[in-house]
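In what follows, a single structure is set out as structure tokens and then discussed.
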Amino acid sequence: MTVKTTLSFTDRHHRFLSEKVGQGLFATRSAAVASAVEHMMQEEEEREVVLSVLAEEVRTRMQTDRSEYVDRETAFSAARAAIAAARKK
């Protein structure tokens, strides 16, 4: 189902949309806006998945016994080595 609505844009945004339509990237400005909204929806879904996975990882790690903790020098040694190598280039 398609819903008709009215949107307002700055001159800059309107010009950008018109250029994309003129370049043939979109059939209409409405199609360009719909694509942008779809992209926003996809990003939000992906962000929710990432946050969910991250929250689960935090919960799992909170159950880790302190004897299994890794000290920060060990944890970040590989990153520090990569940074040092990159700086030498």
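Miscellaneous remarks
One line per residue, one yes/no per condition, for (1) assigned to a helix (DSSP H, G or I); (2) within 26 Å of the chain's Cα centre (by Cα):
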{"site": "LYS4", "(1), (2)": "no, no"}
{"site": "LYS20", "(1), (2)": "yes, yes"}
{"site": "SER35", "(1), (2)": "yes, yes"}
{"site": "GLU44", "(1), (2)": "yes, yes"}
{"site": "ALA81", "(1), (2)": "yes, no"}
{"site": "ALA85", "(1), (2)": "yes, no"}
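- Within the stretch 22-33, considering residues that are of a type outside the set (A, V, I, L, M, F, W, C) and part of a helix (DSSP H, G or I), the one most open to solvent (accessible area, probe 1.4 Å): ARG29
- Search result, residues across the stretch 15-31 that are touching a residue at least 12 places away in the same chain (Cβ under 8 Å) and more than 17 Å from VAL3 (Cβ to Cβ): LEU17, LYS20
The values are calculated or read from the model by the stated rules, or taken from the named source; none is laboratory data. Note that the structure is a prediction, hence the values are computed from the model and not measured. Every residue, glycine as well, gets a Cβ built from its backbone with ideal geometry; the counts of neighbours run over all protein chains shown. In case anyone asks, the SASA skips ligands and DNA or RNA and just uses the protein heavy atoms, side chains included. Shrake-Rupley method; radii C 1.70, N 1.55, O 1.52, S 1.80 Å.
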